[in-house]
Structures are given as C-alpha cells and as structure tokens.
Amino acid sequence: MALAVAWRVLHNVYTTPALLIPGILFPLFFFTAFAGGLSRVSNIPGFDFPPGYTAFQFVFVLLQSAAFNGVFTGFGVARDFEYGFARRLMLAAPNRTGLLAGYAIAAVGRWAITATILTLVAVTAGMNVGGNGVDLFGLYALAVIVNLAGTLWATGVALRIRTMQAGPVMQMPVFLTLFFAPVYVPLGLLKGWLHAVASVNPATALLEAGRSLIAGDPAHVTLAFGAALGLGAAFLLWAFRGLKSAERSL
Amino acid sequence: MRAQHGIEAEGLVRTFKGDIRAVDGIDLAVQPGEIYGFLGPNGAGKSTTVHILTTLLPPSAGHARVAGFDVENEGPAVRRSIGAALQEAALDPILTGREHLRLQCALHGISRRERKVRAAELLERVGLTLAADRKVKGYSGGMKRRLDLALALAHRPTILFLDEPTTGLDPQSRSALWLEVARLAREEGVTVFLTTQYLEEADALADRIGIIDHGRIVAEGTTEDLKAEIDLPTVEAIPADGTDSAAVARILERFGERTDGSPKGVSVRLAHGIDDLAEIVRALDAEGARVADLHLHAPSLDDVFLAKTGRSLEGAQEEADAEAPEE
Amino acid sequence: MNALAIQVGQIAQRSVVRTLRQPASAIPPFIFPTALLAVTSAGLTSATRLRGFPSDSFLAFFLAFPFIQGALFATMNAGTDLARDIQTGFLNRLSLTPMRGSALIIGHLAGVVTMGFLQACFYLTVGLVAGVSIASGALGVLVILGLATLIAFAFGALGAFFALRTGSGEAVQGLFPLLFVGLFLSSMNLPRNLIQTDWFRIVATFNPVSYLIEGVRSLIIVGWDPEALALGFGFALLIAALSISASVWALQRRLTRT
C-alpha cells in the first residue's frame, strides 16, 4: 500500500512540471540570492565559519528545501482530499497507516532530486566542504528527518482541513520556524528579539549542527538529532490523529 | 415600446484558425417583437453567431444589422440597443446581486438615483429581492441565470440575446425563465434571439425557429410549418405481457428506422408516413404479436433535424461532444 | 460627470471592494513583507558593521524592501482578478456595455494604486513605530508614498498585461517566481558596492529593481540624493510606460468587439 501510494505521488510530481519545478527552483534561487548576494556578510567581525559563506548558506537551503518539499507533499494530500481521491484511497486501504508511510516515502523521493541538484550546484560554485563522509552522511540524514517531520506536519494539517485552503496553514509555521533562526549569520551575531527567539527555536539546533558537520567540526549533533527526531515523533502523532479525524469524515 | 428594427444577417461567415468555419453563410431575418429560436447541437455555430450579432466578434464575411445598426461599423450603437445573457452566467462571485446591477446601470450611463430604483425594480421582477445583498457565490444556478437576465435588461434594450439560458437548470427554474421571456416579448415588445439545444424550449417559446447545423441554417419557419414539411410520424408499440418485444421490434423495423423514444416498448419512425399504420396492424396480427398499446406521434423537431441533416439531434450532440477538442 | 470618469470610478470601486472582500488575498501583501522586514533586519543587524555600510540601522536600510515586495503581491492579486474576469466571461459582459477599454485598464489600475498606497502607508508606519527616522523629513515621506504608489502602478500594469495577454490566472501566478527572482537579484540586502560576488553585483547593477529600491532607500537613510531619486523615478516611469503600452496593446487584441 505504502509503495503504491508513494509511486503515485512521485509519478504525478515527475510528470507534472508545475509540481516538480518549484520544489527545485526555489531552493536554488534562495541559495543563489543568499550565498551570492550576501557573501560579504562573512566579513562581519565575529563571523567565524572556516568553509565560507557558501557552505554556511548551503546548510540552511538544504534544510529549508527538505522542510518545504515535505510541505509540498502535504499540498498533494490536501489536493487529493479536495478532488475526492483521498477518500477512494482510504476506503481501499487495508491499513491506513500505509497511506502515511506512502506519503512520507514520496516526500523523501521527491526531495532527493532537489537535494542532488542543490548539492551539484553548490559544489560547482566552489563550495568548501570541511567534513568527511560520516559528517556529510550525518548532514543529509538530519535533512531527511527534517523532510519527514515537514511531511508529517503538513499531512496532519491536510488530514484535518481536507481542502487546498490548508496551504497557508501548512506553510506559515514552517516558514516562520526556519526564518526565526540564524539564517544569515551565526547565533552569536544575532541581537535583540531575534536572538531570544532563535535561542529556543529547535531549527537553530538543526542549523548549527548541520553547519558544524559540513565544516568537519561536529558540535551539538546529538542535540540536533534529538530535536529532529522529537519533532518527527510529535508530528507523527499529529498525523495519526489527523488520520483518525479524516476517517471519521468518511 | 416596440422596436422598429429587428435582426438581419446576410451571408454571415466566421472562420477560426485551422480553416474552421464555425459560421458558414447564415442568412436570417428576425422581426421586431418576435421570439426567434436558434436550435442546434453543441458546436453547430449558435454561440458564434450570437457573438457576431452582439458585436463581440467581427464576421469574417457577410453583413448583419441589429436594431438597424451595422454590427461591424456601428458596434457601440448596437450595444446600446441590445442586452445579452451569454452561455456562461459571467458573474463576479464576490459582488452581490444588487452591486452587479448598479455596476451595469452605471456603465450604461444611468444616473445614480435611477440606478437604485432600476436595480430594485429588476431584482423584484426576477425574484431576487431577498437575495439581493448576498454575494453571488452563494446563489444557486437558477438564481444566477435570473440575475444574468436582469443584468441584460438593465438599460431597457429593445433586443435581447439569450444563449442557452436554461442549460443546467431544474424544471421549475426553466419554466420561470420561459414565462419571463414570453412576457418580455408579449408585453414589452422585446425582440428575443434565443439559442438552445432543447427541442421543448424551442417548441414552447419560439415564434419561429432556425435549425443550425455545421454553421448553416438547414431549416427555418414556425414549428408547425417545419413539422408539417416532414410527414414522418413515429409509431410506438408496447408489447402485451407474454409477447416477445424482439418480435414486435422486428415487425416494426420493416416500416422504418427504430428510435429511442419508447422506454417500455418499441418506437419506429415511419419511412412512408401515416399510410403504413394499417399495414403495421395487419403485420402484427398476422404474426400473432399482441400489443398492449399502439400510439401514433406527430413529427418532432428532432424528426425535422433528422430529415434535414440525416441524423437526430441527440446523435448530433454525441458527435459534437466526441469531436470537441480537449481542453 | 464625464462618462469616462464614471466608468473608471466604477471599475476602480469594484477592484477595491473585491480585494477587501478576499482577506486571503488582501492581507498577505501587508503581512508577508512586514514579516520579512522584521526577520531580515533582525537577522542582518550586524551587517551594519561592514566597512562602508551606509547606515547604522539595518532596519532603516531594509525598509525600502517591503514597498517593492508589496507591489509584487498587489500585482499578482490584481492580475489574477483580471484574468479571472476573462476566464469567467465577465469581461464579455463589460464589453457589451459602453465601457471604454481605457476605462477598464485605468479603473483596474486605480484599484491597484489604492491598495499600493495603503500598503505604503502601513510599511512606513511600521518603520516609524520601530524607530526608523526618515532622513528626508516630512516632505520625504510624501515623496516615498508617491514613488511607492508609482511603483505599484508600474507593476500593476505589468500584471494587467500578462492577464490580458494570457487570459489565464495560472499564467499570471507563474509570473511570481520571475518577479521574486528579480527582487532578490538586486541591492535589496546589501548596497551594490558591498556585493562581493561579481556576477551577482553585475546582475544587480543591470536590474531596474535595484534602482527602485535605492530610490526609496535614499529618502530614508540619506535624505535628498538627486541621482538616486532620478534613477528611482526614472525606472519606475519607464516600467510604467512600457507596461501600460503593452497592456493597451493586449487589451486591443483581447477585446475583439467591433
């Protein structure tokens, strides 16, 4: 069941440019704008990141793309409900948790393309990588967990609202969570309210760990994985409850 | 006030890319105060003709005059004289019914004070007073059509174009619309050009009918005249209990082509007219086929269409739907 | 009252009413740019420590951004609305009235400009409440509002052109990434002379959006900079002129009425 659902979602995405291209282009575009336009920021006194600003921004864009590809998969779930297809799936499914698994697999599959292209572009642009194979594996594993967390969050919303109007509800919290974090400069260079918010934002732990991994100087990785897995577990429960809500509507 | 001029078209042609002749030489003349029904299947050219006559599309060839004005060279004058309710209700879902009417009146140059009065009057006339201040997205299909009609009448046109006005409506809404259209023509002398794919609508409303197929008028006249031209009645036989309906069908099909007009029995369009009726009775009797009921139906507009085009209107609809380009 | 003025007024009124009745469309142009303003200016506060940075307040430096982004949102909404009118046949309904084509464009843009002006007032208020001091004073505030409104008009006309040309809301929405890219590949985050990456700096130099931003920005952080103002107003007028011409051309092709 899960594989069938995943296949269908991926087939739709890969054969529909309007669905495939934004998920690839927007991260590339953010990467270009931030790494290209703001590279001078690495000259700010106190900005200490040896691999350079390109790698600094690469980690943010990688995690951002992972989260938003999850949200885009959630859009697909909402669309399925709006057009009645989800009802058909739920009635046909022997075990409905297979649906959740299917959407999650599809989200990872979808993001894999984006991550590959993003990585190739960053390497071609001369990004310095300080980490070894284990470090980089850790970085991408972290991103996969973020992707799954994003998917489960968005799917939970879609299962409750069951129309495309769920879109903004899915996107805004993810957007705010990502941007209320050290996006442009390290945490130590933030001030005021943003520093306070970022200090307690789990996305900060993910970003800082990710950046430490690409720099080859892993730090707070356990905390980051803990935060990511914690978010994933919370959103898994959220999605399960959403599934129950959708079942009641059948 | 009765209009002095109606609608005239001579050799009207409209082609589209790919040499598609949607309108292929139409001549027609609609008298002032007349309800003219333009009947044909999907894709026959009805809406394109309406778009030309309402100045929304220029003709590729030919001429037309509406309310005495040339559609190509006197477009603004034509538009001042006509009202149109086109195939899509074309309403703004976010505006209320009243706001639609005030906008329409304002664009037609009606003064602010008169707009209020006119809007209220039209809403009353089409039965939308209570819903006037609700957004149109909350209206039913019938309500939207009624608002559409009210908008077409906002500036008191002398000629009204209605393009398939009752498509998708329930029978009650349809009847209400028919009554209003008939009243407009009868009491206010409005000339009505009505396109439809529904036989009963053309039958019920139109003083005269033009039947269009593949961009050309294939028949024109009053419904009685058109049916009288085609002396092809239909006979319907309901087999009695215990009688094989296939046997009845075999007998009847010797006298003409089978039609779908009988859900419980067999219906055949008589190839040689009413003279065959006696032969049918003799044939049924000779073969021991007992019938519970035997009806003779006068020709319908579908029979007229069949006689003129070689296919029934229903068949033409299916053909048109199959040929319609994918969106 | 002149018939054209009445027609323009009616279309403009409809445009504003429609926007206000769709909170899902009306609110984002106020909220999103303000949110990005807050996040980006807080995140890049330390950029003021870069040598040659023209202001000691990144908020003041970045305050020009929402005016441009807000104009993009308004463009998309208005363009989508006009495309919807075409798709639903409402434009045909309007065509059957004595409404002049110019009234449709001017009225439609009057609605866009009204929203653009309200948005500009909002962003300025946010900036002032957050402690930004406008270097050009009270007169400069009026000039900012004027330039911002002109920019909204110019982008609104661009949206109208796409709507009239394509007749499709989806195609207008497809414009958004392009305009977004144009916004980001500019001097929105850093002054052009501080952009380190050569190709980015070159793109930003050729990007007219940079001059729109710099025109507004100069009034906030510098005061009266004739060159920046001339370029800002110049490019805004150029975009407006080109977009209006294109819209009129597209309208003539769209309105096939005789």
* Which residues, taken from region A:23-58, are more than 10 Å from every other protein chain (Cβ to nearest Cβ) and buried (at least 24 other Cβ atoms within 10 Å of the Cβ)? -> A:Pro27, A:Phe56, A:Gln57, A:Phe58
* Restricting attention to region C:190-204, which residues are outside any loop (DSSP other than H, G, I, E, B) and either loosely packed, with under 14 Cβ neighbours inside 10 Å or touching a residue at least 40 places away in the same chain (Cβ under 8 Å) (or both)? -> C:Asn193, C:Leu194, C:Asp198, C:Trp199, C:Ile202
* To do: Return only the number of the condition from (1) within 12 Å of chain C (Cβ to nearest Cβ); (2) within 17 Å of A:Leu142 (Cα to Cα); (3) not in a helix (DSSP H, G or I) that A:Leu178 does not satisfy.
  => (3)
* **Which listed residue, of A:Gly150, A:Gly138, A:Gly126, A:Gly130, is modelled with pLDDT of 90 or more, away from every other protein chain (no Cβ under 14 Å) and part of a loop (DSSP other than H, G, I, E, B)** => A:Gly130
* Mind listing whichever residues of region C:82-119 are facing another protein chain (nearest Cβ under 9 Å) and either surrounded by fewer than 20 Cβ atoms within 10 Å (Cβ to Cβ) or part of a helix (DSSP H, G or I) (or both)? => C:Arg84, C:Asp85, C:Thr88, C:Gly89, C:Phe90, C:Leu91, C:Asn92, C:Arg93, C:Leu94, C:Ser95, C:Pro98, C:Ala103
* To do: Looking at (1) under 23 Å from B:Glu220 (Cβ atoms); (2) surrounded by fewer than 23 Cβ atoms within 10 Å (Cβ to Cβ); (3) of a type outside the set (Phe, Trp, Tyr); (4) within 9 Å of chain C (Cβ to nearest Cβ), find the lone condition where B:Pro58 falls short.
  => (1)
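Please state which one of B:Leu149, B:Leu184, B:Leu160 is modelled with pLDDT of 95 or more and under 18 Å from B:Ser81 (Cβ atoms).
B:Leu160
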* Structure fact -> Over region B:67-92, the set of residues more than 8 Å from every other protein chain (Cβ to nearest Cβ) and within 13 Å of B:Leu12 (Cα to Cα) is B:Asp70
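For C:Gly223, indicate whether it is over 20 Å from the mean Cα position of the chain (by Cα) and among the small types (Gly, Ala, Ser).
Yes: the conditions hold for C:Gly223.
So which of C:Phe53, C:Phe73, C:Phe62 is touching a helix residue (DSSP H, G or I) at 6+ places or on another chain (Cβ under 9 Å), surrounded by fewer than 22 Cβ atoms within 10 Å (Cβ to Cβ) and not acidic (Asp, Glu)?
Answer to the check: C:Phe53.
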* Exactly one condition in (1) at pLDDT below 95; (2) buried (at least 17 other Cβ atoms within 10 Å of the Cβ); (3) in contact with a strand residue (DSSP E or B) (Cβ under 7 Å, 6 or more places away or on another chain); (4) not in a helix (DSSP H, G or I) is not met by B:Ser47; state its number. => (4)
* To do: All but one of (1) crowded, with 19+ Cβ neighbours inside 10 Å; (2) aliphatic (A, V, I, L, M); (3) without any contact (Cβ under 8 Å) to a residue 60 or more places away in the chain; (4) within 14 Å of chain B (Cβ to nearest Cβ) hold for C:Val39, so report the exception by its number.
  => (4)
* Asked: Just for region B:96-113: of the residues that are part of a loop (DSSP other than H, G, I, E, B) and within 7 Å of another protein chain (Cβ to nearest Cβ), which one is surrounded by the fewest Cβ atoms within 10 Å (Cβ to Cβ)?
  -> B:Gly109
* Structure fact -> Checking B:Arg145, B:Arg208 in turn, the sole residue that is in contact (Cβ under 8 Å) with a residue 40 or more places away in the chain, on the phi < 0 side of the Ramachandran plot and surrounded by fewer than 23 Cβ atoms within 10 Å (Cβ to Cβ) turns out to be B:Arg208
* Structure fact -> How many residues of region C:1-33 are at the interface with another protein chain (Cβ under 9 Å from one of its Cβ atoms), part of a helix (DSSP H, G or I) and either free of Cβ contacts under 8 Å to residues at least 40 places away in the same chain or under 21 Å from B:Arg98 (Cβ atoms) (or both)? The answer is 10
* Among the residues of region C:184-207 satisfying the criterion of being within 10 Å of chain A (Cβ to nearest Cβ) and hydroxyl-bearing (Ser, Thr, Tyr), which is nearest to C:Phe62 (Cα to Cα)? -> C:Ser187
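The values are calculated or read from the model by the stated rules, or taken from the named source; none is laboratory data. Remember, it's a predicted structure, so these values are computed and weren't measured experimentally. Here the Cβ is made from the backbone with ideal geometry for all residues, glycine too, and neighbour counts use every protein chain on show.
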